[in-house]
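In what follows, a single structure is set out as structure tokens and then discussed.
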Amino acid sequence: MSKKPTLDADLLQQTLAVAKQAARQAEAVINKYYQSNDLNTEVKGDQTPVTVADKQAEQIIRAAISEHFPEHGIYGEEFGRSNHGAEDSEFLWLIDPIDGTKSFVRQYPFFSTQIALMYQGELVMGVSNAPAFSEMAWATLGGGAFLNNKSIQVADEFVSHSACVSTGNIQSLVNTNWQSFGQLLTKFGKIRGYGDFYHYHLLASGKIDLVIESDVNILDIAALTVVVREAGGVITNLQGQPIDLQTSSILAGTRTTHELGLKTLNE
């Protein structure tokens, strides 16, 4: 386990306040365009969509961060990585203005704004805001996890007949872990595919027990990683490696279900 970095508690709370405010400002733009026919949708090189709402929301978040922390680096989904002269900064903000743009474009509510802070390579703060659900989750290193101002914790026991595993995008499992994946599913009473931010919010709130995804990037899950950890959960990639900028798969659960998932998937 990596050593937790030392970070001034007041500064950490300041970054949280800025992230929450920026998420709310982005929410106003997102709500303006949601279920609109004026999205100016484009398809990026990776065949994922991007809209005017994605771009405007990220610009708002970047502006808020730069105003308060001009010395920090920023890495965003739509405008890439920029340090503004802060190449040696120990701080890196990670932004996905609309995680779930495909949902957003097709007008169903599984999308969110993800804002996280990395300090000395360790994720220390995260805000996950879901406008259509009226849900904002957040967490800071050592400060616990919250959903709409209520403290949250992962489930404290595992009862297989009522336990729930939720899968996100699992396409890349087809030719690698498919048989082991099937074995893992038999150990749970319910199988769902909540996807995107939502199953992490449910996991951190003790309402489901395990999350599996095989096609993600760090901007999708950085903030959610902090939320899950601070809610008492365990989150790694599918091989049990720590979350970092190269992470492309997720196994997240309670200590019991994560251990079960890791063992079954990698037998």
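Quick rundown of the values:
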quantity: For residue 168, net neighbour charge (Lys/Arg +1, Asp/Glu -1) across residues whose Cβ lies under 13 Å away; calculated: -3
quantity: The chain - charge dipole about Cα centre, Lys and Arg +1 at Cβ, Asp and Glu -1, debye rounded to 20; calculated: 780
quantity: Antiparallel %, DSSP beta bridges [both residues in the stretch 160-257], to 5; calculated: 55
quantity: Net charge of neighbours whose Cβ lies under 9 Å from the Cβ of residue 139, counting Lys and Arg as +1 and Asp and Glu as -1; calculated: 0
quantity: The chain: angle of helix 218-230 to the longest principal axis, Cα-based, in degrees nearest 10; calculated: 70
quantity: Cα Rg, Dmax (largest Cα-Cα span) when computed across the stretch 212-253, Å; calculated: 9.0, 24
quantity: Fully extended contour minus Cα-Cα distance, from residue 63 to residue 248, at 0.36 nm per residue; calculated: 63.8 nm
quantity: Accessible surface, per residue, of the stretch 65-190 when the full set of protein chains is kept, probe 1.4 Å, Å²; calculated: 46
quantity: Modelled FRET efficiency - R0 41 Å, residue 178 with residue 106, Cβ distances, 0.05 increments; calculated: 0.90
quantity: Among beta bridges that DSSP assigns inside the stretch 84-234, antiparallel share in %, nearest 5; calculated: 80
quantity: Added length on full extension, which subtracts the Cα-Cα distance from 0.36 nm per residue, residue 185 to residue 157; calculated: 8.3 nm
quantity: Listed residue (251, 195, 162) projecting farthest to the positive dipole end of the stretch 145-267, Cβ model; calculated: 162
quantity: Projected label distance in nm at residue 192 and residue 263, using a 7 Å step from Cα toward the beta-carbon; calculated: 2.6
quantity: Amide H within-cut-off set for residue 192, under 5 Å, with H built and near neighbours excluded; calculated: 165, 166, 167
quantity: Using alpha-carbon coordinates, inclination of helix 52-68 to the longest axis of the chain, degrees; calculated: 70
quantity: Inter-label distance for residue 6 and residue 71, nm, one decimal - labels placed 7 Å from Cα along Cα-to-Cβ; calculated: 1.7
quantity: Among beta bridges that DSSP assigns inside the chain, antiparallel share in %, nearest 5; calculated: 80
quantity: Net length gained if the chain between residue 41 and residue 24 were fully extended (0.36 nm per residue, minus Cα distance); calculated: 3.8 nm
quantity: Ellipticity estimate at 222 nm from DSSP helix runs (n ≥ 4, -39,500 (n - 2.57)) divided over the chain, nearest 500; calculated: -10000 deg cm²/dmol
quantity: Angle in degrees between helix 9-33 and the longest Cα principal axis of the chain, rounded to the nearest 10; calculated: 90
quantity: For the chain: lysine pairs under 27 Å (alpha-carbon distance), excluding those fewer than 8 apart on one chain; calculated: 25
quantity: Between the stretch 217-267 and the stretch 47-118, the alpha-carbon center distance in angstrom; calculated: 22
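The values are calculated or read from the model by the stated rules, or taken from the named source; none is laboratory data. Computed from a prediction, not measured in an experiment: that's the story for all the values here. When we count neighbours, we look across all protein chains shown, and the Cβ atoms used for this are built from the backbone with ideal geometry, even at glycine. We work out accessible area using only protein heavy atoms, side chains counted, and drop any ligands, DNA or RNA first. Shrake-Rupley method; radii C 1.70, N 1.55, O 1.52, S 1.80 Å.
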